[in-house]
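Undergrad: Structure incoming, see below.
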Amino acid sequence: MTSSDNIRSGAVRASLLILIAAACSPAPDRPFEAVSAGRAPKIVPDYASVTIPPNIAPLNFSVDEGGKGTVAVFRASGGDSVTVRSRSTVIRVPEKRWKRLLASAAGGSLEIDVFVRLESGAWTRFETVRNAVSSDSIDGFLTYRKLGPLYNLYTRMGIHQRNLETFEEKLVLNSRLAGDACMNCHTFHRGGTDRWLLHLRGGPGTSMLLTVDGRTRRVDTRTALNKAPAAYSAWHPSGEKIAFSVSQLLLFFHATGENRDVLDRSSDILVYDIRTNTVSAAAADTNRMEIWPDWSPDGRALYYCSAPRLETYVNPPGSDEPFAYDRIRYDLMRIPYDPESGAWGKPETVLSAADADASVLEPRVSPDGRFILATVSAYSQFPIYLRSADLALVDLRTGQWRRLSEANSDRAEGFHSWSSNGRWIVFASKRADGLFSRPYFCHVDPAGAASRPFVLPQEDPLFYGTFLENYNAPEMSVDPITVSPRALSRAAFDDRSAVKAEPVRP
Amino acid sequence: MKEKIRTNSKFALFGPLVQEAVFFILFFLILWFRVRPTLSLESQQPVFFSGWAFLSEHLAFPGGLMDWLSAWLMRGWTSDWLASLEITAVVWTGTLLLRRWIEHLTGFWSVHSVHLIPAAFLLAAHTRYATPFSLTLGWACACLLLFTFRYESPRVPWIRIPAMLAWFIVCYWLAGGAALSAGIALALAQGLVRGKHWEGLTLLAASAGIPFIAYLFAEWSPLKQAFLHGLPLENPAIPLHAAYGIALFFAAAALTVWLTTLPVLQKPVNRFNEWSMPLKWAAGTALILAAAFLLHAGAVNRFTRTVLSVNLEARREAWPSVLERASRAQGWDPILSVQVNRALQAGGRLLDEMFAWPQRDGDNGLIPANKLCKAWPEETARLFFSMGLIGEAQHWAHEAMTLRGPTPELLRLLGTIYMLKGDSAAALSFAANLAKTPGGRPSAADLALCVRDRAERDGRPGHRRVLDAMPEKDFISVGRPSEADLLRLLERDPENRIASDYRAALALIEGDHRRLWETLDSGRRPAGWEGRTPRHVQEAFLFHAAVTPGFDARRLQPWIDGDTALRFRRFEETFRRAGNNRSLAESAVRDAFSGTYWVYRMFDRPAAGPAEGPDDFQ
């Protein structure tokens, strides 16, 4: 080695040392002599007193207490602990250490001690934040639609799938790949991804994009029975049939308060049979509007929501408003079904709007068949635009129902679903700002008691503060979606594999 | 040829520079005074946020960095001269690099005129306001790629080719399709002109293969984007000749140089080379200047320029300028009616002068219907906001954000709407985003202050006016705001001058003088009419009295000026002279009474079109 090489090598080493030193420059020291604040810290997102799954991604947070340095000490009930130091207010826990920590806390608790270094250099210690870690795992994946505050126009929307154990998010399909189509209502068969669907509006053709055993095709569900295409779908447990609603919805606007509202002008529930490619009526009373279907786990009953037809609510000419939109309330109904013969029984009311003093919507039956998680709102069939929308739990064993006050806020909640083991629910909530919905999770115990909800963790804990899109229709699944965005796009545009459903007349 | 140039070495050295200086001074002046790049900003409204998240989104696809840079730079295009200077500087730099590449390729010492052709096409492209700056930046990046290929080091091919490929990939990721156009030109240059066939083939394969590989990795991106993004070919607003001119120039230059080396063309080439350098320079300068000007002139769309100018002035609330720009319009569009009526109202002249302007769009030009709102949602939102229709303003501002993205102007408007509605968290969310836009921090801080401090919010005159005007009681709408909605606004605040003026203007524009009379017959003068009745209202009352059998003309007295009454008598006389025949009277009436309600009511009022239904919700 020549002397110049030596010099160069020395310079490189020195530079590396400086770089390493800069990267590892001392974060604030552990504040042993901190003064107690006598209260809990304000952390964003609010991850305090929540119950979390043992397989969730790190709950990174920001401490909204000012200061110029933060230390967070995480202690698992199993004995493991992690200390995170930060020069800012943001606490990010490395994924591997977080996993170890949760494994140690599963079935117990996770406590967090937060210390903040004030501008003066002194340290403040806050009261311990205590969270429970359930031994019940959550499904590994969450699929949602991301879109702006939806009015009439849309240009950019996409369905994405998030790995709940990490921060990885993958695209399922976006409007660019789908010929600027609107897409909605992704639905999985029993929380799996062998059979699932989503709906397209416009673009390559208004249709259902149906994936069965890894193969996707476009199905035009419009038939002589139904001019409108399928929406709000539910898979029969057999995986061979899909109940869906067909609706004529109208977006209208308020002069004050929440600006948007939706009117159901007419709706019915039909069933698509995958084997025969046929559509038949399920709940299609001409005097009623029926919407939001969901099957019982044994496939022997279909739950849905029903209200008298729109004409009932039309105001006389000269009235201030053309229709009494705020009197339209839906009952929760059930109709027996014989999967062998395909015969329907007589509809019965599970929870009437009068008893609930609310419109009962979006029923989702728990995997064990004991509960229905629904939304109750002052009126309407589209609760996410209504501040009054709350989650409610109906106990099918006792017939009792209650608002799920543990999970609700003073803003809209809705678009909920169960995990495959029935111990977790996810729902969209606008509690943060009243405008953008975010996915929240709650643990639900076998008796139906829910824990305090927590928002889907993000790598950047301040992410939600500036994200101008909604997380719409969050649905959990055990497995990831294996069909690539491009394969879905190809299927959407493939006219050869596309089919048009045939009607089955009663 | 080389000998010839050497004898004119000073000229060869400075000639192209002088030519470029002349060309680019004109280029700059045309941009500044004729194109006005501020209108490109008005047309495109690029979205830009500071921070890694926004940058990383753009680094994820080829050409994204140029989009990012373009959005950032364009956000500063609030001054025509500065923006023109920016564009000129980038194009000149690219042109210099291009000249050096062509000089290297030809082996000549001096290249002039030819290298200015892409600049002429770029001028034409920028004349169309939908051309993003990223196109020019990408083109300059492609020129840099060409320029760097002059250096053929390292000399060992097995190191040089991978290094060359790596640099090409970097440029492709920076500039997208623009780099591909340079890649193809380089392939032709290396393979045909320089005889390095393997290098040429490698570059050609890379130009075709690398975008395809990028497409395979970027799952969300269509194949077309991998090849075309960054090229003018993907933008239908750019004139076709300019789009192809920019995209194909590099390859055409390489091919031309190769053709001149063919023995069959040696004779004409030599003959051309015998021309004196100053002569060629002078002819080239004249030609390129003429071509640039003609390309620019051919790309001018005066009507688009007027619409954008009017919208820009309306956004600035420079109402006299709105009227001045609109008065120069060649052609008309309903949005011009909307902005002109708004400008007239802001100047307190709506009910006096609205019929001096084209009102052929009827009520759609006053209060836009659904289709027009969808075409101009931000402009609509601002109109409704000024009236106090805060719900409709919110609706259309959100639609605008869907179409245009979260621009600073929309973030500010939406933040203000939510702040006035008392939705503090939503308002702060918009303020937080506004703080991440270039120069947006002060506005964001101000918005946040108004959210947190109610006294501050209520104390601002602009806020106070909307707070006083916005409805307290809810009502719903399924289409555009109606007269009933304006009435509700007036019930809330009888001093709401805009609602009052628009309500009267709506009756006038619908030709419903009866309604106007009946609503005002109570004797109570609406806001702003103290002292005198607006001219068009007087005209409508006189017309109403004349066509209503048994109308007691004395009832008009409190409303009518002597001048207007006299003028109406002359109008009636003119009509009588034509035998009360509408067709025969038209010409004379138009000549003598243009700009009156009478002419509008009798000849110009558009027939009512089919009502626009509301959209289905999906």
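The values are calculated or read from the model by the stated rules, or taken from the named source; none is laboratory data. Because the structure is predicted, anything quoted here is derived from the model rather than measured. Note: ideal-geometry Cβ built from the backbone for every residue, glycine included; neighbour counts use all protein chains shown. Accessible surface areas use protein heavy atoms only, side chains included; no ligands, DNA or RNA. Shrake-Rupley method; radii C 1.70, N 1.55, O 1.52, S 1.80 Å.
Undergrad: In chain A, which longest range has no trypsin sites (Lys or Arg not before Pro) that are both DSSP loop (not H, G, I, E or B) and surrounded by at most 10 other Cβ atoms within 10 Å?
TA: Longest site-free region, per DSSP loop and neighbour criteria: A:40-226.
Undergrad: Note every residue of segment B:468-494 with a reduction of at least 20 square angstrom in accessible area, all protein chains present versus the isolated chain, computed with a 1.4 Å probe, or write none.
TA: So the qualifying set is B:Pro471, B:Asp474, B:Phe475, B:Ile476, B:Ser477, B:Val478, B:Arg488.
Undergrad: I would also like to ask the following. At 1.4 Å probe radius, can you tell me the per residue accessible area of segment B:45-175 in Å²?
TA: 37
Undergrad: What is the distance in Å between the Cα centres of segment B:526-580 and segment B:433-473?
TA: Computed from Cα coordinates, the inter-centre distance equals 45 Å.
Undergrad: Give me a single rounded figure for A:458-468: the average over its residues of other chain Cβ atoms within 10 Å of their Cβ.
TA: For this peptide, the per-residue mean of nearby foreign Cβ atoms is 3.
Undergrad: Can I ask one more? Report in % the part of the accessible area of segment B:225-294 that belongs to carbon and sulfur, leaving out ligands and nucleic acids; probe 1.4 Å.
TA: 77
Undergrad: State the dimensionless ratio Rg/Rh of chain A (Rg: radius of gyration of Cα atoms; Rh: Kirkwood radius).
TA: 1.05
Undergrad: A further question on this structure: Too long at a 29 Å Cα-Cα cut-off: which of A:Lys500/B:Lys374; A:Lys430/B:Lys224; A:Lys227/B:Lys224; A:Lys96/A:Lys170?
TA: From the list (A:Lys500/B:Lys374; A:Lys430/B:Lys224; A:Lys227/B:Lys224; A:Lys96/A:Lys170), the Cα-Cα distance tops 29 Å for A:Lys500/B:Lys374; A:Lys430/B:Lys224; A:Lys227/B:Lys224.
Undergrad: With the cut-off at 22 Å, report for segment B:459-566 the share of all Cα pairs above it, as a whole percent. Kindly include the intermediate steps, with their values, before the conclusion.
TA: On the way: 2221 of 5778 pairs.
When all Cα pairs of segment B:459-566 are counted, 38 percent exceed 22 Å.
Undergrad: With all protein chains present and a 1.4 Å probe, how do A:Tyr154, B:Tyr172, B:Tyr244 order by accessible area, largest first?
TA: Sorted descending by solvent-accessible area, the residues read B:Tyr244, A:Tyr154, B:Tyr172.
Undergrad: Over segment A:399-506, what percent of the accessible surface lies on carbon and sulfur atoms, probe 1.4 Å?
TA: That share works out to 53 percent.
Undergrad: Using only the Cα atoms of segment A:128-198, build the gyration tensor, take square roots of its eigenvalues as a ≥ b ≥ c, and label the shape rounded, prolate or oblate: rounded if a/c is under 1.5, else prolate if a/b is larger than b/c, else oblate.
TA: Numbers: a/c = 2.67, a/b = 1.71, b/c = 1.57.
In terms of gyration-tensor shape, prolate.
Undergrad: Please arrange B:Leu372, B:Leu17 by accessible surface area, largest first, computed with a 1.4 Å probe and ligands excluded.
TA: Sorted by accessible area, descending: B:Leu17, B:Leu372.
Undergrad: Loop-only check: which GluC sites (Glu not before Pro) in segment B:528-610 are DSSP coil with at most 12 other Cβ within 10 angstrom?
TA: For GluC sites (Glu not before Pro) across segment B:528-610 that sit outside H, G, I, E and B with at most 12 neighbouring Cβ atoms in 10 Å, the list reads B:Glu530.
Undergrad: Taking amide hydrogens as modeled 1.01 Å from N in the peptide plane, which residues meet the under 5 Å criterion relative to A:Ala40, leaving out close sequence neighbours?
TA: Amide H neighbours of A:Ala40: A:Glu127.
Undergrad: When a/c reaches 1.5 or more, the comparison of a/b and b/c decides; with that in mind, is segment A:160-226 rounded, prolate or oblate per its Cα gyration tensor?
TA: oblate
Undergrad: Sticking with this one: Any idea how far the Cα center of segment B:248-269 sits from the one of segment A:196-269, in Å?
TA: A separation of 61 Å, based on Cα centres.
Undergrad: Something else: Straight-line reach from B:Lys10: which lysines fall under 18 Å, measuring Cα to Cα and dropping same-chain residues less than 8 apart?
TA: B:Lys2, B:Lys280
Undergrad: Shifting gears a bit: Semi-axes of the equivalent ellipsoid for segment B:272-416, please: Cα gyration tensor eigenvalues, times 5, square-rooted, ordered largest first, whole Å.
TA: Here the semi-axes work out to 42, 20, 13 Å.
Undergrad: Further question on the same structure: Counting helices only, and only those DSSP H runs with n ≥ 4, report the 222 nm mean residue ellipticity of chain A as the sum of -39,500 (n - 2.57) divided by its residues, in deg cm²/dmol to the nearest 500.
TA: After summing the helix terms and dividing by residue count, I get -3000 deg cm²/dmol.
Undergrad: A further question follows. So what does the Cα-only Debye profile of segment A:73-216 read at q = 0.21 Å⁻¹, as log10 I(q)/I(0), no solvent term?
TA: -1.21
Undergrad: Another question about this same structure. If you wrap chain B's Cα atoms in a convex hull and average its projection over all directions, what's the area in nm²?
TA: On the way: hull surface 145.0 nm².
Across all orientations, chain B yields a mean hull projection of 36.2 nm².
Undergrad: Then there is this: What are the semi-axes of the equivalent ellipsoid for segment B:357-418, taken as the square roots of 5 times the Cα gyration tensor eigenvalues, largest first, in whole Å?
TA: Whole-Å semi-axes of the equivalent ellipsoid: 21, 12, 9.
Undergrad: Let me ask something additional. Go through segment B:378-486 and name the trypsin sites (Lys or Arg not before Pro) that are in a DSSP coil and have 16 or fewer other Cβ atoms within 10 Å of their Cβ.
TA: Taking segment B:378-486 and a limit of 16 other Cβ atoms within 10 Å, the loop trypsin sites (Lys or Arg not before Pro) found are B:Lys473.
Undergrad: Moving on. Please quote Rg/Rh for segment B:45-153 to two decimal places, taking the Kirkwood radius as Rh and restricting both calculations to Cα atoms.
TA: Ratio of gyration radius to Kirkwood radius: 1.03.
Undergrad: Quick one: Karplus J couplings for segment B:241-248, per residue in order, coefficients 6.51, -1.76, 1.60, θ = phi - 60°, nearest Hz, x for Gly and Pro?
TA: 5, 5, 4, 6, x, 5, 5, 9
Undergrad: Note the direction-averaged projected area, equal to a quarter of the hull surface, for the Cα convex hull of segment A:366-417, in nm².
TA: 3.7
Undergrad: Taking the solvent-accessible surface of protein heavy atoms with a 1.4 Å probe, what is the per residue accessible area of segment A:305-424 in Å²?
TA: Using a 1.4 Å probe on heavy atoms only, each residue of segment A:305-424 averages 41 Å².
Undergrad: Then there's this: Between beta-carbons, use under 15 Å as the cut-off and find the net charge around B:Arg601, counting Lys and Arg +1, Asp and Glu -1.
TA: +1
Undergrad: Ratio of Rg to Rh for segment A:438-499, alpha carbon only, Kirkwood?
TA: Details: Rg = 17.8 Å, Rh = 15.6 Å.
Ratio value, two decimals: 1.14.
Undergrad: Ignoring ligands, DNA and RNA, what percent of the 1.4 Å accessible area of segment B:400-483 is carbon and sulfur?
TA: Its accessible area is 52 percent carbon and sulfur atoms.
Undergrad: Continuing with the same structure: Using alpha carbons only, how many degrees (0 to 90, rounded to 10) separate the axis of helix A:3-23 from the longest principal axis of chain A?
TA: Result, in degrees: 60.
Undergrad: Then there is this: Total Å² of accessible surface buried at the B-A contact, 1.4 Å probe, nearest 100?
TA: Interface between B and A: roughly 3900 Å².
Undergrad: For chain A, which span is the longest to avoid every loop-located (per DSSP) member of GluC sites (Glu not before Pro) having at most 14 other Cβ atoms inside 10 Å? Kindly include the intermediate steps, with their values, before the conclusion.
TA: Details: sites that count: A:Glu33, A:Glu119, A:Glu127, A:Glu168, A:Glu340, A:Glu459.
Result for the longest clean stretch: A:169-339.
Undergrad: Let me spell out the model: positive unit charges on the Cβ of Lys and Arg, negative unit charges on the Cβ of Asp and Glu, origin at the Cα centre of chain B. What dipole size does that give, in debye rounded to 20?
TA: Here chain B has a charge dipole of around 1920 debye.
Undergrad: Could you tell me the distance between the Cα centroids of segment A:348-401 and segment A:433-457, to the nearest Å?
TA: 16
Undergrad: Turning to a different aspect of this structure: Using the heavy atoms of the protein chains alone and a 1.4 angstrom probe, what is the accessible area of segment B:363-425 per residue in square angstrom? Show your work: numbers first, answer last.
TA: On the way: 1290 Å² over 63 residues.
Averaged over the residues of segment B:363-425, the accessible area is 20 Å².
Undergrad: Where does helix B:424-434 land angle-wise versus the long Cα axis of chain B, in degrees 0 to 90, nearest 10?
TA: The angle comes out near 40 degrees.
Undergrad: Oh, and also: Does the protein assembly as shown come out rounded, prolate or oblate by the C-alpha gyration tensor, with a ≥ b ≥ c the root eigenvalues, rounded set by a/c under 1.5 and, if not, prolate when a/b is larger than b/c and oblate if not?
TA: It is oblate, given that a/c is not under 1.5 and a/b is not larger than b/c.
Undergrad: Starting from the eigenvalues of the Cα gyration tensor, five times each then square-rooted, give me the equivalent ellipsoid semi-axes of segment B:397-454, largest first, whole Å.
TA: The answer is 17, 14, 7 Å, longest axis first.
Undergrad: Given a 1.4 Å probe, show me the residues in segment A:236-263 buried by at least 40 Å² of accessible surface when comparing the whole protein assembly to the chain alone.
TA: A:Leu249, A:Leu250, A:Phe253, A:Ala255, A:Thr256, A:Asn259
Undergrad: Just the Kirkwood number for segment B:64-220, please: inverse of mean 1/r across all distinct Cα pairs, in Å, one decimal.
TA: Values: mean 1/r = 0.0603 Å⁻¹.
Computed over segment B:64-220, the radius equals 16.6 Å.
Undergrad: Projected area of segment B:408-519, taken from the Cα convex hull and averaged over every viewing direction, in nm²?
TA: Its Cα hull, projected and averaged over all orientations, spans 8.5 nm².
Undergrad: Compute the long axis of helix A:95-105 from its Cα atoms, compare it with the longest principal axis of the Cα atoms of chain A, and write down the angle in degrees, 0 to 90, nearest 10.
TA: 80
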